[in-house]
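Okay, so here's the structure we're looking at.
Derivation of every value follows stated rules applied to the coordinates shown; laboratory data play no part. From a predicted model like this one, the values you see are computed outputs, not experimental measurements. Note: ideal-geometry Cβ built from the backbone for every residue, glycine included; neighbour counts use all protein chains shown.
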Amino acid sequence: GGRATPEGGTVVKARRLRLLNSEPFLLSTTVVPESSCPEFTFEGPDSLTVYELIERKYGIQVQRVKSTLETAVLDEFEADLLSVQHSLPAFRLERTAFTGDGQPVAFTVHLIRGDRCQFSFEVDGRIQAPAGVLSD
């Protein structure tokens, strides 16, 4: 996983539940450094990404995002929020966002219902495998 702040820094955590056809399908938890994003919340239009919110409220531009996608099993709390049975398989998408000078500005975990989501990837024909798949 990634870290949104140097060791010992105070962070702000915010959660957002997204709906698809009036049904919960994605739970986002974002952690940001309190020093650069005090009182961070998911206020504003639901269509705004966390990075757009950070840029609008704090003037911080995200230049690079590192993402990791894996399968996960929902715990009781997560399953209840997503209105599914406990232990339903889900997708866990971790994203760490960095500023232009390489400072981490946000760490987000998206939990996505496995029965409501499909990921498609397209890679250049000269690439043998998607980046990261063969790493330890």
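For the chain, averaging the sequence separation of C-alpha pairs within contact (under 8 Å, six or more residues apart) and dividing by the residue count gives a relative contact order of 25 percent. For Arg116, what charge total do you get from the other residues with a beta carbon under 13 Å from its beta carbon, if Lys and Arg give +1 and Asp and Glu give -1? That works out to 0.
Other residues within the sphere of radius under 10 Å centred on the Cβ of Ser28, judged by their own Cβ, net out at +4 (K and R +1, D and E -1).
Ignoring solvent entirely, what values of log10 I(q)/I(0) come out of the Debye formula for the chain at 0.15, 0.17, 0.19 Å⁻¹ when each Cα is a single scatterer? Evaluating at q = 0.15, 0.17, 0.19 Å⁻¹ gives log10 I(q)/I(0) of -0.84, -1.04, -1.20.
Amide hydrogen proximity for Val62: with H placed 1.01 Å from N in the peptide plane, no residue at 5 or more positions away or on another chain lies under 5 Å.
Entry note, the chain: the mean residue ellipticity at 222 nm calculated from DSSP H runs of n ≥ 4, each adding -39500 (n - 2.57), is -3000 deg cm²/dmol after division by the residues and rounding to the nearest 500. Other residues whose C-beta falls under 15 angstrom from the C-beta of Ser87 contribute a net charge of -3, scoring Lys and Arg +1 and Asp and Glu -1.
Close amide H pairs (under 5 Å, H built 1.01 Å from N) link Cys117 with no residue at least 5 positions away or on another chain. Full extension of the chain segment joining Tyr58 with Asp80 gains 4.6 nm, where the gain is 0.36 nm per residue of separation less the Cα-Cα distance.
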